[in-house]
Amino acid sequence: MKISARNALKGKVLSVNEGAVNSEVTMELPGGEQLVAVVTCESAKNLNLVPGSDATALIKAPWVMLMTESEGIRLSARNCLNGKVLSVSDGAVNAEVILELSGGSRVCSIVTRDAVEELGLKPGVNASAIIKASHIILAASV
């Protein structure tokens, strides 16, 4: 299967917290980072998401926000993945920024060129990828 989402992060399901309509699924990425996704209970059941199962988190690059100097900042977004900028590719209006997490997973973000300048994003800079749990699509082999 080919997809247009730039981010396909593989991991293991740690927990599934079922609510009335939605389930909160916590995954562990290869480096130990945790990623939380919110999907419907029906989707969690159809994908057979249970602790220990494999899953892939699909995230479109424009849904990934970047932040530097995140120490002490609290956000409503559930996912704050820390890493280092691996590369910055400039376009006419936007830039593609690749962040490498401690475990080797890579996260791609599309941000404005102004944001790249304001945040001082360049290879080697520490940055955090901010992702809302509701912006993650989960996939699993069935």
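Of all the listed residues (Ser53, Ser134), the sole one being over 13 Å from the mean Cα position of the chain (by Cα) and open to solvent by less than 90 Å² (accessible area, probe 1.4 Å) is Ser53. Restrict the check to the stretch 55-63 and report whether at least one residue is out of contact with any Lys or Arg (no Cβ under 6 Å at 6 or more places or on another chain) and over 18 Å from Ile137 (Cβ atoms). For the stretch 55-63, residues out of contact with any Lys or Arg (no Cβ under 6 Å at 6 or more places or on another chain) and over 18 Å from Ile137 (Cβ atoms): absent. Taking the numbered list (1) under 19 Å from Asn7 (Cβ atoms); (2) free of Cβ contacts under 8 Å to residues at least 60 places away in the same chain; (3) of a type in the set (Gly, Ala, Ser) in turn, Ala92 passes all entries but (1). Open to solvent by 40 Å² or more (accessible area, probe 1.4 Å), within 27 Å of Val13 (Cα to Cα) and at pLDDT 95 or above: does that describe Arg106? Spelling it out, Arg106 is indeed open to solvent by 40 Å² or more (accessible area, probe 1.4 Å), within 27 Å of Val13 (Cα to Cα) and at pLDDT 95 or above. Of all residues in the stretch 1-12, those being of a type in the set (Gly, Ala, Ser), modelled with pLDDT of 95 or more and open to solvent by less than 50 Å² (accessible area, probe 1.4 Å) number 1. Can you pull out every residue in the stretch 13-47 that is assigned to a strand (DSSP E or B) and exposed (fewer than 14 other Cβ atoms within 10 Å of the Cβ)? Result: Asn17, Glu18, Thr40. Ser76 falls short on exactly one of the conditions (1) open to solvent by 80 Å² or more (accessible area, probe 1.4 Å); (2) within 14 Å of Val107 (Cβ to Cβ), and that condition is (2).
The values are calculated or read from the model by the stated rules, or taken from the named source; none is laboratory data. All of these numbers come straight from a predicted model, not from anything done at the bench. A quick note on method: Cβ atoms are made from the backbone with ideal geometry, for glycine too, and the neighbour counts reach across all protein chains shown. Just so you know, the surface numbers come from the protein's heavy atoms only, side chains and all, with ligands and any DNA or RNA stripped out. Shrake-Rupley method; radii C 1.70, N 1.55, O 1.52, S 1.80 Å.
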